[in-house]
Amino acid sequence: MNQITAVQHPEKLSEATSDEDKSRGKPIVKLAGVRLGYSRVPVLDDINLSIEPGQFWCFLGPNGEGKTTLIKAMLGALRPKSGRLTRDPQVFEKGRVSYVPQRLELNPVLPTSVREFILTGLAGISTHGEHRRKRLDRVLEIVGLGASRHQNFWTLSGGQKQRAMLARALVRDPRVLIIDEPTAGLDLAASTTVLNVLADMHTNFDVTIVFVTHDLHIVSKYATHAALFWGGAVLCGELREVISSENLGNTFGVPVPVEMGKDGRPQIRTSEA
Ligand code: ADP
């Protein structure tokens, strides 16, 4: 069985480049008074958000409140109706951002090996044979799919598919990883392994994470910052500023007890706890 192995001796997928040095300390994405929507459908108004290198953001809110809409705008696929949205060109124009959607838009018509599937993550990036092979080996090791590299992607289990999607995102050596509910529908073991990889990327590889989730335990455990989506507004900032019983109650419409832990991180108590 494929297991994700903890990375004992973290090494970056690539060395820090002069481009990384140039953008150090600059926001990756900054929105000031941004309004987003589709033709005549308004979705979010007056968004003021700054995502900076090394942060771990959780985007939280009920379905249909605009999380994906904001991600589309961050990725440059949706133009703001008004306000100012700036993106670090060293990240976005150099292709150092990876997005893991909740569902694949691909059609399972043609058999595709896990290896071929992961290498599609290098689209638009010029790499040479040996370099590609090294990157592939590295991400297969990180997600624990080395033994399945020649297997047909479409025959993988749900948890293995999610890990292959993560590997496809990591093979670009992203500085920013945007990930839409990667643990939804996975069993506990599969979601734990995905979360371990994300935590490892954030802590040891300095990857900035934007994570869309419904799971409040994940927020308590991993996030440095949170954005709450509710009623067309985005309430965002450091975890301890944003995560309160009142704010979570407003967002989800049910009481959510929050206590401040000894480590200064808010602890969220839900009925599953
Ligand atoms: P979430 O990711 O929080 O579930 P979305 O950003 O997907 O929410 O959707 C926010 C709102 O925008 C919803 O009302 C949805 O129906 C609407 N919406 C999403 N995509 C489009 C689109 N392409 N055209 C028109 N409305 C859309």
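Within the range 109-173, the ratio Rg/Rh, alpha carbon atoms throughout and Rh by Kirkwood, equals 0.94. Taking each residue as 0.36 nm, the span from Ser244 to Asn48 lengthens on full extension beyond its C-alpha to C-alpha distance by 68.6 nm.
List, in the order given, every pair from Lys94/Lys221; Lys30/Lys262; Lys67/Lys262; Lys30/Lys72 whose Cα-Cα distance in the structure shown is over 20 Å. Beyond 20 Å between Cα atoms: Lys94/Lys221; Lys30/Lys262; Lys67/Lys262.
Shape of the range 143-227 from the C-alpha gyration tensor: oblate (a/c of 1.5 or more and a/b not above b/c, with a ≥ b ≥ c the square roots of its eigenvalues). Does the range 217-269 come out rounded, prolate or oblate by the C-alpha gyration tensor, with a ≥ b ≥ c the root eigenvalues, rounded set by a/c under 1.5 and, if not, prolate when a/b is larger than b/c and oblate if not? Here the range 217-269 falls in the oblate category. Every Cα-Cα pair of the range 94-237 was included, and the share exceeding 29 Å stands at 16 percent. Both radii were evaluated on the Cα set of the chain; the Rg over Rh quotient, with Rh as the Kirkwood radius, amounts to 0.96. Each helix, a run of at least 4 DSSP H residues, gives -39500 (n - 2.57); summed and divided by the residues of the chain, these come to -9000 deg cm²/dmol at 222 nm. Close amide H pairs (under 5 Å, H built 1.01 Å from N) link Gln267 with Glu259, Met260, Gly261, residues at least 5 positions away or on another chain.
Phi angles across the range 27-36 convert, under the Karplus curve 6.51 cos²θ - 1.76 cosθ + 1.60 with θ = phi - 60°, into 3J(HN,Hα) values of x, 6, 9, 9, 10, 10, x, 7, 10, 10 Hz, Gly and Pro given as x. Placing dummy labels 7 Å off each Cα toward the beta-carbon, the span from Ala184 to Asp200 is 2.6 nm. Distance between the pseudo-spin-label points of His214 and Arg133 (7 Å out from Cα toward the beta carbon): 4.5 nm. A dipole drawn for the range 200-259 from +1 and -1 charges on Cβ atoms has a positive end, and of Val256, Gly232, Ser245 the residue lying farthest that way is Gly232. Does the range 62-124 classify as rounded, prolate or oblate by the C-alpha gyration tensor (a ≥ b ≥ c root eigenvalues; a/c under 1.5 gives rounded; else a/b over b/c gives prolate, otherwise oblate)? Taking the square roots of the gyration eigenvalues as a ≥ b ≥ c, the range 62-124 is oblate. Potential lengthening of the chain between Ala77 and Glu93 amounts to 4.4 nm, from the contour at 0.36 nm per residue minus the alpha-carbon distance. Using θ = phi - 60° in the Karplus curve 6.51 cos²θ - 1.76 cosθ + 1.60, the 3J(HN,Hα) couplings for the range 165-181 round to 5, 5, 4, 4, 6, 6, 5, 6, 6, x, 8, 10, 10, 10, 9, 9, 6 Hz; x is entered for Gly and Pro. With just the Cα atoms defining each centre, how far is the range 56-91 from the range 208-224? Give it in Å. Cα centroid to Cα centroid, the span is 17 Å. Each residue of the range 67-77 is assigned a 3J(HN,Hα), and the resulting list reads 5, 5, 4, 5, 4, 4, 5, 4, 7, x, 8 Hz, derived from the Karplus form 6.51 cos²θ - 1.76 cosθ + 1.60 (θ = phi - 60°), x at Gly and Pro.
The numbers here are math on the coordinates, done by the rules we state, and not lab data. Since we're looking at a predicted model, the values are computed, not measured. Backbone-built Cβ (ideal geometry, glycine too); neighbour counts: all protein chains shown.
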